[in-house]
Amino acid sequence: MKVPLIAILLCLLASSVFSQGTIQGNVHDSQKKGISYASILLRNEPDSSLIKGAISDDSGNYVFTDIPKGQFYVEVTILGYAKSYSPVFPFLGTEKSELAAILLKEEDQNLDEVTVTATRPLFELEQGKMVVNVANSVSAAGLSVIDVLDRSPGVMVNRQSNTLSVLGKNGVVILMNGQRFRMPLEAAYQMLAGLNSSDVEKIEIITVPPANYDADGDAGFINIVMKKDNDMIGTNGSLTLGQGYGSGYNGNMSFNLNHQGPKFSWFGLLSTTYVDQVQEWESFRGNNNGFEDIGIDTYSDRFSTRKSINYQAGFDYKLSTNTIFSGLVSGYTNQWNLSAPTITEANFSISPDTLTRMTTVENNTWNHIMGNINLQHTFQNGQVISTNVDYLTYKNSNPSGYTIMNFDESNDLIGSEEFRITKDTPIELWVTDFNHSMKIGESVAVESGLRATFSEFTNTVLFEEKLGSDWLIDSNFTNDGFLEEDILAAFSTAKIEFDEKTTLNAGLRYENTKTNLTTVSGEKLVDRHYGDFFPTAFFIQKNQC
(Lines give C-alpha, C1' and ligand atoms only; values in the text may rest on other atoms or scores of the structure.)
Protein backbone atom coordinates (compact mmCIF):
# COMPACT_ATOMS: atom_id res chain seq x y z
CA MET A 1 0.00 0.00 0.00
CA LYS A 2 2.93 2.41 0.61
CA VAL A 3 3.86 3.09 -3.03
CA PRO A 4 0.26 3.56 -4.30
CA LEU A 5 -0.49 5.78 -1.29
CA ILE A 6 2.50 8.03 -1.97
CA ALA A 7 1.48 8.24 -5.63
CA ILE A 8 -2.03 9.33 -4.63
CA LEU A 9 -0.66 11.98 -2.25
CA LEU A 10 1.65 13.36 -4.94
CA CYS A 11 -1.27 13.61 -7.34
CA LEU A 12 -3.23 15.50 -4.70
CA LEU A 13 -0.40 17.94 -4.17
CA ALA A 14 -0.10 18.49 -7.92
CA SER A 15 -3.80 19.32 -8.20
CA SER A 16 -3.95 21.57 -5.14
CA VAL A 17 -3.59 24.85 -7.09
CA PHE A 18 -6.93 26.59 -7.54
CA SER A 19 -7.81 27.97 -10.95
CA GLN A 20 -7.84 31.77 -10.71
CA GLY A 21 -8.35 34.39 -13.36
CA THR A 22 -6.95 37.60 -14.82
CA ILE A 23 -8.23 41.18 -14.78
CA GLN A 24 -6.73 43.77 -17.11
CA GLY A 25 -7.45 47.28 -18.35
CA ASN A 26 -6.07 50.66 -19.39
CA VAL A 27 -5.88 54.20 -18.00
CA HIS A 28 -5.62 57.29 -20.24
CA ASP A 29 -6.06 61.06 -20.22
CA SER A 30 -8.59 63.23 -22.05
CA GLN A 31 -6.50 62.92 -25.24
CA LYS A 32 -6.78 59.12 -24.98
CA LYS A 33 -3.03 58.91 -24.33
CA GLY A 34 -2.03 56.10 -22.00
CA ILE A 35 -0.77 57.22 -18.58
CA SER A 36 2.26 55.34 -17.30
CA TYR A 37 3.34 54.68 -13.71
CA ALA A 38 -0.13 55.17 -12.25
CA SER A 39 -0.90 53.33 -9.01
CA ILE A 40 -3.67 50.78 -9.73
CA LEU A 41 -5.46 49.21 -6.76
CA LEU A 42 -7.94 46.34 -7.03
CA ARG A 43 -10.36 46.63 -4.12
CA ASN A 44 -13.05 44.37 -2.68
CA GLU A 45 -16.47 45.98 -3.16
CA PRO A 46 -18.15 45.18 0.21
CA ASP A 47 -15.40 46.60 2.49
CA SER A 48 -12.91 48.38 0.14
CA SER A 49 -10.09 46.11 1.32
CA LEU A 50 -7.07 45.92 -0.97
CA ILE A 51 -6.84 42.72 -3.03
CA LYS A 52 -3.83 43.47 -5.26
CA GLY A 53 -1.83 46.40 -6.59
CA ALA A 54 -0.23 47.16 -9.94
CA ILE A 55 1.60 49.91 -11.84
CA SER A 56 0.49 50.94 -15.34
CA ASP A 57 3.05 50.45 -18.11
CA ASP A 58 4.22 52.93 -20.77
CA SER A 59 0.94 52.49 -22.69
CA GLY A 60 -1.26 52.82 -19.58
CA ASN A 61 -2.04 49.09 -19.43
CA TYR A 62 -2.28 47.11 -16.19
CA VAL A 63 -3.01 43.50 -15.29
CA PHE A 64 -3.92 41.54 -12.14
CA THR A 65 -3.32 37.77 -12.09
CA ASP A 66 -4.38 34.96 -9.76
CA ILE A 67 -7.50 36.82 -8.60
CA PRO A 68 -10.21 34.80 -6.80
CA LYS A 69 -13.96 35.10 -7.22
CA GLY A 70 -15.59 38.27 -5.90
CA GLN A 71 -17.10 41.73 -6.42
CA PHE A 72 -14.37 44.31 -7.16
CA TYR A 73 -13.61 47.81 -8.38
CA VAL A 74 -10.39 49.52 -9.52
CA GLU A 75 -8.94 52.68 -7.95
CA VAL A 76 -6.37 54.77 -9.88
CA THR A 77 -4.10 57.49 -8.43
CA ILE A 78 -1.20 59.49 -9.86
CA LEU A 79 0.19 62.91 -9.02
CA GLY A 80 -1.45 65.71 -11.02
CA TYR A 81 -4.68 63.82 -11.71
CA ALA A 82 -7.85 63.35 -9.68
CA LYS A 83 -8.39 59.93 -8.18
CA SER A 84 -10.60 57.79 -10.43
CA TYR A 85 -12.58 54.58 -10.04
CA SER A 86 -14.03 51.89 -12.26
CA PRO A 87 -17.60 50.67 -11.82
CA VAL A 88 -18.10 47.69 -9.51
CA PHE A 89 -17.93 44.44 -11.47
CA PRO A 90 -18.45 40.75 -10.65
CA PHE A 91 -15.62 38.31 -11.27
CA LEU A 92 -16.02 34.53 -11.35
CA GLY A 93 -12.35 33.82 -10.64
CA THR A 94 -11.62 31.67 -13.71
CA GLU A 95 -11.97 33.94 -16.73
CA LYS A 96 -9.94 36.72 -18.36
CA SER A 97 -11.80 39.99 -17.80
CA GLU A 98 -11.11 43.11 -19.90
CA LEU A 99 -12.34 46.27 -18.14
CA ALA A 100 -13.39 49.47 -19.84
CA ALA A 101 -10.66 52.13 -20.03
CA ILE A 102 -10.53 54.53 -17.07
CA LEU A 103 -10.29 58.25 -17.84
CA LEU A 104 -8.06 60.35 -15.58
CA LYS A 105 -8.86 64.06 -15.31
CA GLU A 106 -6.25 66.65 -14.42
CA GLU A 107 -6.72 68.24 -11.00
CA ASP A 108 -8.05 71.80 -11.00
CA GLN A 109 -5.54 74.46 -9.92
CA ASN A 110 -6.20 77.96 -8.58
CA LEU A 111 -3.27 80.07 -9.79
CA ASP A 112 -4.14 83.02 -7.52
CA GLU A 113 -3.46 81.02 -4.36
CA VAL A 114 -2.01 77.52 -4.50
CA THR A 115 -1.80 75.21 -1.49
CA VAL A 116 0.16 72.03 -2.16
CA THR A 117 -0.52 68.96 -0.04
CA ALA A 118 1.78 66.07 -0.89
CA THR A 119 0.13 62.68 -0.54
CA ARG A 120 2.18 59.79 -1.80
CA PRO A 121 0.37 57.00 -3.63
CA LEU A 122 0.61 53.49 -2.23
CA PHE A 123 2.96 52.41 -5.07
CA GLU A 124 5.73 54.49 -6.63
CA LEU A 125 8.40 53.64 -9.20
CA GLU A 126 11.96 54.88 -8.61
CA GLN A 127 15.34 54.03 -10.12
CA GLY A 128 15.63 50.23 -10.15
CA LYS A 129 12.93 49.72 -7.54
CA MET A 130 9.29 50.08 -6.59
CA VAL A 131 8.34 51.76 -3.29
CA VAL A 132 5.28 50.71 -1.27
CA ASN A 133 4.37 53.67 0.97
CA VAL A 134 2.95 51.77 3.93
CA ALA A 135 2.88 54.61 6.48
CA ASN A 136 -0.51 56.33 6.82
CA SER A 137 -2.03 54.01 4.21
CA VAL A 138 -5.58 53.05 5.09
CA SER A 139 -5.23 50.03 2.80
CA ALA A 140 -2.39 48.64 4.94
CA ALA A 141 -4.01 49.19 8.34
CA GLY A 142 -4.21 46.02 10.42
CA LEU A 143 -2.19 43.95 7.92
CA SER A 144 1.09 42.15 8.41
CA VAL A 145 4.06 42.92 6.16
CA ILE A 146 3.44 39.62 4.34
CA ASP A 147 -0.14 40.74 3.62
CA VAL A 148 1.13 44.05 2.19
CA LEU A 149 3.67 42.25 -0.01
CA ASP A 150 0.99 39.84 -1.22
CA ARG A 151 -0.95 42.85 -2.54
CA SER A 152 2.08 44.51 -4.18
CA PRO A 153 2.82 44.40 -7.93
CA GLY A 154 5.32 41.77 -9.04
CA VAL A 155 5.43 39.98 -5.68
CA MET A 156 4.07 36.45 -5.30
CA VAL A 157 3.53 35.03 -1.79
CA ASN A 158 3.37 31.25 -1.43
CA ARG A 159 1.65 30.66 1.91
CA GLN A 160 2.03 26.89 1.61
CA SER A 161 5.83 26.86 1.34
CA ASN A 162 6.39 30.16 3.24
CA THR A 163 8.37 31.72 0.37
CA LEU A 164 8.40 34.87 -1.75
CA SER A 165 9.21 35.54 -5.39
CA VAL A 166 9.67 38.79 -7.32
CA LEU A 167 8.79 38.94 -11.03
CA GLY A 168 8.55 35.13 -11.04
CA LYS A 169 12.07 34.61 -9.64
CA ASN A 170 12.88 32.80 -6.41
CA GLY A 171 15.84 33.64 -4.17
CA VAL A 172 14.64 37.00 -2.81
CA VAL A 173 16.91 38.66 -0.21
CA ILE A 174 15.27 40.47 2.73
CA LEU A 175 16.75 43.71 4.12
CA MET A 176 15.80 45.63 7.27
CA ASN A 177 16.61 49.37 7.11
CA GLY A 178 19.13 48.57 4.38
CA GLN A 179 20.86 45.86 6.43
CA ARG A 180 20.63 42.31 5.18
CA PHE A 181 18.36 39.99 7.17
CA ARG A 182 20.78 37.07 7.10
CA MET A 183 18.62 33.99 7.38
CA PRO A 184 16.78 31.50 5.15
CA LEU A 185 13.85 32.99 3.27
CA GLU A 186 11.42 30.63 5.04
CA ALA A 187 12.54 32.09 8.38
CA ALA A 188 12.36 35.67 7.09
CA TYR A 189 8.82 34.89 5.93
CA GLN A 190 7.88 33.89 9.49
CA MET A 191 9.28 37.16 10.83
CA LEU A 192 7.46 39.30 8.23
CA ALA A 193 4.21 37.42 8.86
CA GLY A 194 4.39 38.51 12.49
CA LEU A 195 5.47 42.13 11.82
CA ASN A 196 2.70 44.74 11.91
CA SER A 197 2.52 47.15 8.98
CA SER A 198 1.88 49.96 11.50
CA ASP A 199 5.59 49.74 12.45
CA VAL A 200 6.75 50.14 8.82
CA GLU A 201 7.43 53.40 6.97
CA LYS A 202 7.82 51.91 3.49
CA ILE A 203 8.84 48.78 1.59
CA GLU A 204 11.34 48.95 -1.28
CA ILE A 205 11.13 46.16 -3.88
CA ILE A 206 14.52 46.39 -5.62
CA THR A 207 14.62 44.48 -8.91
CA VAL A 208 17.93 45.89 -10.21
CA PRO A 209 20.24 46.29 -7.18
CA PRO A 210 23.37 48.50 -7.31
CA ALA A 211 26.89 47.22 -6.58
CA ASN A 212 26.79 47.92 -2.84
CA TYR A 213 24.30 45.04 -2.40
CA ASP A 214 25.42 41.42 -2.12
CA ALA A 215 25.64 39.59 -5.43
CA ASP A 216 23.46 36.59 -4.55
CA GLY A 217 20.18 38.50 -4.74
CA ASP A 218 19.52 37.55 -8.37
CA ALA A 219 15.76 37.66 -7.83
CA GLY A 220 15.92 41.09 -6.19
CA PHE A 221 15.85 42.59 -2.72
CA ILE A 222 12.97 43.58 -0.44
CA ASN A 223 13.98 46.34 1.98
CA ILE A 224 11.70 46.91 5.00
CA VAL A 225 12.16 50.49 6.27
CA MET A 226 10.95 50.78 9.87
CA LYS A 227 9.40 53.91 11.32
CA LYS A 228 11.53 56.27 13.39
CA ASP A 229 10.30 59.35 15.23
CA ASN A 230 13.73 60.95 15.73
CA ASP A 231 12.44 64.32 14.50
CA MET A 232 10.27 64.56 17.60
CA ILE A 233 12.12 66.24 20.48
CA GLY A 234 11.89 64.69 23.95
CA THR A 235 10.31 61.36 24.83
CA ASN A 236 7.48 60.02 22.70
CA GLY A 237 5.58 56.78 22.42
CA SER A 238 2.61 55.18 20.76
CA LEU A 239 0.41 52.13 21.24
CA THR A 240 -1.50 50.46 18.39
CA LEU A 241 -4.07 47.70 18.83
CA GLY A 242 -5.78 45.72 16.08
CA GLN A 243 -8.51 43.13 16.48
CA GLY A 244 -10.37 41.17 13.83
CA TYR A 245 -12.16 37.96 13.03
CA GLY A 246 -12.25 36.04 9.77
CA SER A 247 -12.16 32.26 9.77
CA GLY A 248 -10.70 32.74 13.25
CA TYR A 249 -9.42 35.41 15.63
CA ASN A 250 -6.75 37.85 14.39
CA GLY A 251 -5.17 40.30 16.85
CA ASN A 252 -2.05 42.44 16.98
CA MET A 253 -0.42 44.98 19.27
CA SER A 254 2.47 47.38 18.67
CA PHE A 255 4.20 49.63 21.22
CA ASN A 256 7.11 51.96 20.60
CA LEU A 257 8.93 54.45 22.79
CA ASN A 258 11.75 56.78 21.82
CA HIS A 259 13.77 59.63 23.28
CA GLN A 260 15.59 62.33 21.32
CA GLY A 261 18.27 64.21 23.24
CA PRO A 262 21.05 66.64 22.31
CA LYS A 263 23.72 63.91 22.52
CA PHE A 264 22.02 60.66 23.46
CA SER A 265 18.94 59.18 21.76
CA TRP A 266 17.29 55.80 22.14
CA PHE A 267 14.24 53.89 20.94
CA GLY A 268 12.41 50.65 21.62
CA LEU A 269 9.72 48.71 19.77
CA LEU A 270 7.64 45.69 20.73
CA SER A 271 4.94 44.09 18.59
CA THR A 272 2.92 40.91 18.99
CA THR A 273 0.56 39.05 16.67
CA TYR A 274 -1.86 36.19 17.19
CA VAL A 275 -3.68 34.63 14.22
CA ASP A 276 -6.10 31.71 14.43
CA GLN A 277 -7.20 30.41 11.03
CA VAL A 278 -9.35 27.60 9.67
CA GLN A 279 -8.94 26.69 6.00
CA GLU A 280 -11.34 24.31 4.29
CA TRP A 281 -10.04 22.56 1.19
CA GLU A 282 -11.92 20.29 -1.19
CA SER A 283 -10.74 18.90 -4.52
CA PHE A 284 -11.69 16.29 -7.10
CA ARG A 285 -9.42 14.65 -9.66
CA GLY A 286 -10.47 12.10 -12.23
CA ASN A 287 -8.47 10.07 -14.77
CA ASN A 288 -8.23 6.73 -16.50
CA ASN A 289 -5.22 4.45 -16.06
CA GLY A 290 -5.97 2.51 -19.24
CA PHE A 291 -7.87 -0.11 -17.31
CA GLU A 292 -10.57 1.75 -15.41
CA ASP A 293 -11.86 5.20 -14.45
CA ILE A 294 -10.56 6.59 -11.16
CA GLY A 295 -12.03 9.49 -9.15
CA ILE A 296 -10.25 10.92 -6.13
CA ASP A 297 -12.11 13.26 -3.71
CA THR A 298 -10.17 15.00 -0.97
CA TYR A 299 -11.51 16.99 1.98
CA SER A 300 -9.28 18.75 4.48
CA ASP A 301 -9.66 21.18 7.37
CA ARG A 302 -6.45 23.03 8.27
CA PHE A 303 -6.47 24.47 11.80
CA SER A 304 -3.47 26.77 12.23
CA THR A 305 -2.33 29.33 14.79
CA ARG A 306 0.54 31.81 14.67
CA LYS A 307 2.00 33.54 17.74
CA SER A 308 4.82 36.03 17.20
CA ILE A 309 6.79 38.62 19.17
CA ASN A 310 9.11 41.13 17.48
CA TYR A 311 11.34 43.56 19.35
CA GLN A 312 14.00 46.21 18.68
CA ALA A 313 16.01 48.51 20.93
CA GLY A 314 18.75 50.90 19.88
CA PHE A 315 20.65 54.06 20.71
CA ASP A 316 22.71 56.85 19.08
CA TYR A 317 25.42 58.72 21.01
CA LYS A 318 27.24 61.76 19.62
CA LEU A 319 30.88 61.42 20.63
CA SER A 320 31.50 64.77 18.90
CA THR A 321 29.77 67.04 16.41
CA ASN A 322 30.78 64.80 13.50
CA THR A 323 31.10 61.37 15.17
CA ILE A 324 28.19 59.08 16.11
CA PHE A 325 28.35 55.75 17.93
CA SER A 326 25.22 53.58 17.77
CA GLY A 327 24.00 50.14 18.78
CA LEU A 328 21.01 47.94 18.07
CA VAL A 329 19.52 44.75 19.49
CA SER A 330 16.59 43.10 17.74
CA GLY A 331 14.94 39.73 17.49
CA TYR A 332 11.75 37.77 17.30
CA THR A 333 10.01 34.58 18.31
CA ASN A 334 7.54 33.06 15.86
CA GLN A 335 5.58 29.90 16.60
CA TRP A 336 3.29 28.30 14.00
CA ASN A 337 1.16 25.24 14.79
CA LEU A 338 -0.96 23.18 12.40
CA SER A 339 -3.43 20.35 12.72
CA ALA A 340 -4.87 19.10 9.43
CA PRO A 341 -7.21 16.07 9.28
CA THR A 342 -7.65 14.94 5.66
CA ILE A 343 -10.00 12.40 4.07
CA THR A 344 -9.24 10.97 0.61
CA GLU A 345 -11.82 8.81 -1.19
CA ALA A 346 -10.55 6.79 -4.16
CA ASN A 347 -13.46 5.54 -6.29
CA PHE A 348 -12.62 2.89 -8.93
CA SER A 349 -15.02 1.81 -11.68
CA ILE A 350 -13.85 -1.85 -11.43
CA SER A 351 -11.48 -2.28 -8.46
CA PRO A 352 -12.65 -1.97 -4.83
CA ASP A 353 -12.93 1.58 -3.54
CA THR A 354 -10.66 2.77 -0.74
CA LEU A 355 -10.67 5.55 1.86
CA THR A 356 -7.66 7.15 3.53
CA ARG A 357 -7.66 9.26 6.69
CA MET A 358 -4.49 11.23 7.28
CA THR A 359 -3.79 13.60 10.18
CA THR A 360 -0.89 16.04 10.01
CA VAL A 361 0.42 17.78 13.12
CA GLU A 362 3.24 20.30 12.61
CA ASN A 363 5.02 22.83 14.81
CA ASN A 364 7.48 25.38 13.43
CA THR A 365 9.30 27.66 15.88
CA TRP A 366 11.89 30.31 14.98
CA ASN A 367 13.93 32.32 17.50
CA HIS A 368 16.33 35.08 16.48
CA ILE A 369 18.60 37.62 18.21
CA MET A 370 20.79 40.20 16.44
CA GLY A 371 23.27 42.70 17.86
CA ASN A 372 24.90 45.59 15.95
CA ILE A 373 27.40 48.34 16.76
CA ASN A 374 28.21 51.18 14.34
CA LEU A 375 30.68 54.05 14.28
CA GLN A 376 30.32 56.88 11.76
CA HIS A 377 32.44 60.01 11.24
CA THR A 378 31.84 62.92 8.85
CA PHE A 379 34.84 65.03 7.81
CA GLN A 380 34.66 68.77 7.19
CA ASN A 381 35.02 68.24 3.44
CA GLY A 382 31.89 66.06 3.44
CA GLN A 383 33.54 62.65 3.29
CA VAL A 384 31.89 59.99 5.47
CA ILE A 385 33.41 56.79 6.84
CA SER A 386 31.52 54.16 8.83
CA THR A 387 32.10 50.68 10.19
CA ASN A 388 29.64 48.02 11.38
CA VAL A 389 29.92 44.79 13.34
CA ASP A 390 26.90 42.43 13.49
CA TYR A 391 26.30 39.18 15.33
CA LEU A 392 23.24 37.10 14.47
CA THR A 393 21.94 33.81 15.84
CA TYR A 394 18.90 31.77 14.80
CA LYS A 395 17.29 28.60 16.07
CA ASN A 396 14.65 26.67 14.13
CA SER A 397 12.77 23.67 15.50
CA ASN A 398 10.28 21.96 13.19
CA PRO A 399 8.79 18.67 14.52
CA SER A 400 6.01 17.08 12.45
CA GLY A 401 3.86 13.98 12.77
CA TYR A 402 1.79 12.04 10.20
CA THR A 403 -0.79 9.34 10.88
CA ILE A 404 -2.25 7.49 7.86
CA MET A 405 -5.12 4.97 8.11
CA ASN A 406 -6.45 3.02 5.10
CA PHE A 407 -9.96 1.54 4.88
CA ASP A 408 -11.66 -0.70 2.34
CA GLU A 409 -15.06 -0.07 0.76
CA SER A 410 -16.75 -1.63 3.81
CA ASN A 411 -14.98 0.93 6.01
CA ASP A 412 -12.87 -1.77 7.65
CA LEU A 413 -9.30 -0.84 8.57
CA ILE A 414 -6.83 -2.58 6.25
CA GLY A 415 -3.60 -0.89 7.34
CA SER A 416 -2.04 2.12 9.02
CA GLU A 417 1.26 4.00 9.04
CA GLU A 418 2.69 6.55 11.45
CA PHE A 419 5.73 8.78 10.89
CA ARG A 420 7.40 11.61 12.75
CA ILE A 421 10.07 14.04 11.60
CA THR A 422 12.19 16.39 13.70
CA LYS A 423 14.41 19.16 12.34
CA ASP A 424 16.72 21.39 14.36
CA THR A 425 18.80 24.12 12.73
CA PRO A 426 20.97 26.53 14.77
CA ILE A 427 22.62 29.30 12.70
CA GLU A 428 25.34 31.81 13.66
CA LEU A 429 26.77 34.70 11.62
CA TRP A 430 29.36 37.45 12.06
CA VAL A 431 29.33 40.38 9.63
CA THR A 432 31.69 43.35 9.56
CA ASP A 433 32.04 46.12 6.99
CA PHE A 434 33.80 49.41 6.31
CA ASN A 435 32.30 52.09 4.01
CA HIS A 436 33.51 55.41 2.58
CA SER A 437 31.56 58.00 0.60
CA MET A 438 32.58 61.36 -0.89
CA LYS A 439 31.61 63.93 -3.51
CA ILE A 440 33.85 65.08 -6.33
CA GLY A 441 32.69 68.51 -7.34
CA GLU A 442 28.95 69.13 -7.55
CA SER A 443 28.01 66.33 -9.92
CA VAL A 444 29.89 63.16 -8.89
CA ALA A 445 29.26 61.02 -5.78
CA VAL A 446 31.45 58.00 -5.04
CA GLU A 447 30.89 55.22 -2.48
CA SER A 448 33.25 52.31 -1.72
CA GLY A 449 33.33 49.57 0.87
CA LEU A 450 34.64 46.27 2.22
CA ARG A 451 32.59 43.52 3.84
CA ALA A 452 33.32 40.16 5.46
CA THR A 453 30.70 37.56 6.40
CA PHE A 454 31.43 34.44 8.44
CA SER A 455 28.58 31.96 8.93
CA GLU A 456 28.02 28.43 10.17
CA PHE A 457 25.02 26.26 10.87
CA THR A 458 24.12 22.70 11.76
CA ASN A 459 21.08 21.01 10.23
CA THR A 460 19.80 17.76 11.75
CA VAL A 461 16.80 15.89 10.29
CA LEU A 462 15.52 12.72 11.95
CA PHE A 463 12.88 10.55 10.23
CA GLU A 464 11.21 7.78 12.26
CA GLU A 465 8.52 5.21 11.44
CA LYS A 466 6.45 3.47 14.10
CA LEU A 467 6.44 -0.34 13.97
CA GLY A 468 4.34 -1.80 16.71
CA SER A 469 5.16 0.15 19.85
CA ASP A 470 8.70 1.04 18.72
CA TRP A 471 9.99 4.02 16.73
CA LEU A 472 12.65 3.04 14.20
CA ILE A 473 14.97 5.52 12.46
CA ASP A 474 14.81 5.46 8.64
CA SER A 475 18.37 6.19 7.47
CA ASN A 476 17.16 6.95 3.91
CA PHE A 477 15.50 10.17 5.09
CA THR A 478 17.70 10.98 8.11
CA ASN A 479 20.73 13.22 7.68
CA ASP A 480 22.83 15.88 9.34
CA GLY A 481 25.13 18.54 8.00
CA PHE A 482 27.53 21.26 9.14
CA LEU A 483 28.16 24.29 6.92
CA GLU A 484 30.87 26.93 7.14
CA GLU A 485 30.85 29.77 4.62
CA ASP A 486 33.10 32.85 4.43
CA ILE A 487 32.45 35.70 1.98
CA LEU A 488 34.84 38.60 1.42
CA ALA A 489 33.57 41.45 -0.77
CA ALA A 490 34.66 44.87 -2.06
CA PHE A 491 32.62 47.37 -4.09
CA SER A 492 32.72 50.85 -5.56
CA THR A 493 29.89 52.88 -7.08
CA ALA A 494 29.72 56.27 -8.77
CA LYS A 495 26.75 58.54 -9.49
CA ILE A 496 27.33 61.16 -12.18
CA GLU A 497 24.76 63.90 -12.84
CA PHE A 498 25.44 65.36 -16.29
CA ASP A 499 22.51 67.77 -16.01
CA GLU A 500 19.08 67.95 -14.37
CA LYS A 501 17.70 65.27 -16.70
CA THR A 502 20.63 62.90 -17.26
CA THR A 503 22.22 60.64 -14.62
CA LEU A 504 24.62 57.70 -14.81
CA ASN A 505 25.00 55.20 -11.95
CA ALA A 506 27.76 52.62 -12.34
CA GLY A 507 29.40 50.17 -9.97
CA LEU A 508 31.64 47.14 -9.65
CA ARG A 509 31.54 44.49 -6.95
CA TYR A 510 33.97 41.64 -6.29
CA GLU A 511 33.16 38.67 -4.05
CA ASN A 512 35.34 35.78 -2.89
CA THR A 513 33.47 32.84 -1.39
CA LYS A 514 34.71 29.80 0.51
CA THR A 515 32.18 27.07 1.38
CA ASN A 516 32.66 23.81 3.28
CA LEU A 517 29.79 21.40 3.92
CA THR A 518 30.36 18.22 5.92
CA THR A 519 28.34 15.75 7.92
CA VAL A 520 28.60 16.02 11.67
CA SER A 521 30.73 12.87 11.58
CA GLY A 522 33.24 14.67 9.29
CA GLU A 523 32.36 13.36 5.81
CA LYS A 524 33.04 16.12 3.27
CA LEU A 525 30.11 16.94 0.96
CA VAL A 526 31.06 20.34 -0.54
CA ASP A 527 34.46 22.06 -0.71
CA ARG A 528 34.19 25.16 -2.90
CA HIS A 529 36.30 28.30 -3.29
CA TYR A 530 35.77 30.92 -6.01
CA GLY A 531 35.73 34.65 -6.76
CA ASP A 532 33.90 36.78 -9.33
CA PHE A 533 33.14 40.35 -10.45
CA PHE A 534 29.61 41.82 -10.65
CA PRO A 535 29.24 45.07 -12.65
CA THR A 536 26.11 47.27 -12.69
CA ALA A 537 25.13 50.36 -14.70
CA PHE A 538 22.04 52.59 -14.89
CA PHE A 539 21.54 55.43 -17.36
CA ILE A 540 18.56 57.69 -16.64
CA GLN A 541 17.11 60.28 -19.01
CA LYS A 542 14.12 62.21 -17.66
CA ASN A 543 11.66 63.48 -20.22
CA GLN A 544 9.87 66.78 -19.78
CA CYS A 545 6.17 66.21 -19.10
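The values are calculated or read from the model by the stated rules, or taken from the named source; none is laboratory data. A quick note: this is a predicted structure, and the numbers were derived from the prediction, not measured. A quick note on method: Cβ atoms are made from the backbone with ideal geometry, for glycine too, and the neighbour counts reach across all protein chains shown. Protein only, heavy atoms only, side chains kept; ligands, DNA and RNA dropped before computing areas. Shrake-Rupley method; radii C 1.70, N 1.55, O 1.52, S 1.80 Å.
Listed values, structure above:
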{"item": "Qualifying position, being more than 30 Å from Met438 (Cα to Cα) and of a type in the set (Val, Ile, Thr), among Ile369, Ile385, Ile373", "result": "Ile369"}
{"item": "Qualifying positions in region 371-420 - closer than 30 Å to Phe325 by Cα, surrounded by fewer than 16 Cβ atoms within 10 Å (Cβ to Cβ) and small (Gly, Ala, Ser)", "result": "Gly371, Gly382"}
{"item": "Check on Leu392, closer than 20 Å to Tyr332 by Cα and in a strand (DSSP E or B)", "result": "yes"}
{"item": "Any hit, region 386-397, residues being within 30 Å of Gly314 (Cβ to Cβ), of a type in the set (Asp, Glu) and under 35 Å from the mean Cα position of the chain (by Cα)", "result": "yes"}
{"item": "Selection from region 36-78 of residues that are small (Gly, Ala, Ser), open to solvent by 10 Å² or more (accessible area, probe 1.4 Å) and either more than 23 Å from Val157 (Cα to Cα) or part of a strand (DSSP E or B) (or both)", "result": "Ser36, Ser59, Gly70"}
{"item": "Members of region 44-79 found to be without any contact (Cβ under 8 Å) to a residue 40 or more places away in the chain and of a type in the set (Lys, Arg), listed by number", "result": "Lys69"}
{"item": "Residues of region 79-107 classified as farther than 20 Å from Asn133 by Cβ, assigned to a loop (DSSP other than H, G, I, E, B) and open to solvent by 100 Å² or more (accessible area, probe 1.4 Å), total", "result": "3"}
{"item": "In region 241-258, the residues that are within 27 Å of Ile324 (Cβ to Cβ) and either surrounded by fewer than 18 Cβ atoms within 10 Å (Cβ to Cβ) or of a type in the set (Asp, Glu) (or both)", "result": "Phe255, Leu257"}
{"item": "Where Leu483 falls short, out of the listed (1) aliphatic (A, V, I, L, M); (2) within 30 Å of Arg420 (Cα to Cα); (3) loosely packed, with under 14 Cβ neighbours inside 10 Å", "result": "(3)"}
{"item": "Matching residues in region 259-301 - criterion: being surrounded by fewer than 13 Cβ atoms within 10 Å (Cβ to Cβ) and of a type in the set (A, V, I, L, M)", "result": "Val278"}
{"item": "Among (1) open to solvent by 80 Å² or more (accessible area, probe 1.4 Å); (2) under 22 Å from Ala537 (Cβ atoms); (3) in a strand (DSSP E or B), the one test that Phe454 misses", "result": "(2)"}
{"item": "Complete set of residues in region 487-545 that are of a type in the set (D, E, K, R) and part of a loop (DSSP other than H, G, I, E, B)", "result": "Asp499, Glu500, Lys501, Glu523, Lys542"}
{"item": "Breaking point among (1) modelled with pLDDT of 85 or more; (2) under 28 Å from the mean Cα position of the chain (by Cα), for Pro46", "result": "(1)"}
{"item": "Lone qualifier among Ser455, Ser521 - being closer than 30 Å to Asn364 by Cβ, modelled with pLDDT of 90 or more and among the small types (Gly, Ala, Ser)", "result": "Ser455"}
